[in-house]
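The structure appears below as structure tokens.
The values are calculated or read from the model by the stated rules, or taken from the named source; none is laboratory data. Since this is a predicted model, take the numbers as computed values, not measurements. Counting neighbours? That spans all protein chains shown, and the Cβs are built from the backbone with ideal geometry, glycine included. Only protein heavy atoms, including side chains, enter the accessible area calculation; ligands, DNA and RNA are left aside. Shrake-Rupley method; radii C 1.70, N 1.55, O 1.52, S 1.80 Å.
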Amino acid sequence: MEQNGEPLDHVARIQADWRRERPDVDVSPQGVFGRLHRLADRLTGELCLVYGRYGLGEGEFDVLCALRRAGEPYERAPGELAAHTMVTTGAMTKRIDRLERAGLVTRRRSADDQRGRIVALTGPGRELIDRAFTEHMHNERRLLDLLTPAEAATLEALLTGWLGRMEHPGAADAE
């Protein structure tokens, strides 16, 4: 099957099937969402290859990055880490446990609140995340370079606008 002289991709074939079976339903949104979903899966797989080379999963990589971005002394409270990585505190506890067992982070009581905890990067944790993050950025550059600079800029602008409207509905109306 072809569309405009090009072979149909997986999503286009699904849309063609639905147009045949349900011509009464507008399936055009599938063109965006189906491709975004497939692309996200492919990109995640490519990114996870780098994390795996460092013995990390995606979640552990995110935690180490959040600690490294904090600046010296490279520490945050578990609740802060959860907010910075957009996971529940329960999921964060599991990630911290794994990283602590690997010697990449430590936990201690907060000086300000004895009930609170602080998670900090260890020396080996900082060395590992610095190496992993550098390779991660090279990998992201490799993937983004599949687009032209103009395409990448347009895509970033579109995604920024769409995400902003999703995260802050009605904000554009208030301006």
Of every hundred units of 1.4 Å-probe accessible area on the chain, the number belonging to carbon and sulfur atoms, as a percent, is 55 percent
Note, LEU81: beta-carbon cut-off 10 Å, +1 each Lys/Arg, -1 each Asp/Glu, net -1
With +1 on the Cβ of every Lys and Arg and -1 on the Cβ of every Asp and Glu, the dipole magnitude of segment 17-62 about its Cα centre, in debye rounded to the nearest 20, is 240 debye
In the chain, whole DSSP H helices that both stretch 15 Å or further along their axis by alpha carbon positions and average at least -0.5 on the Kyte-Doolittle scale are 28-53, 58-69, 149-167
Spelling it out for ARG117: with amide H atoms placed in the peptide plane at 1.01 Å from N, the residues 5 or more places away or on another chain with amide H under 5 Å from its amide H are SER110
With a ≥ b ≥ c from the Cα gyration tensor eigenvalues, square-rooted, and the rule rounded for a/c under 1.5, otherwise prolate when a/b > b/c and oblate otherwise, the chain is prolate
Result for the chain: accessible area per residue, probe 1.4 angstrom, in square angstrom, of 69 Å²
In debye to the nearest 20, the charge dipole size for segment 29-175, taken about the Cα centre with +1 at each Lys and Arg Cβ and -1 at each Asp and Glu Cβ, equals 620 debye
Between VAL105 and residues 5 or more places away or on another chain, the pairs with built amide H atoms under 5 Å apart involve GLU100, THR122
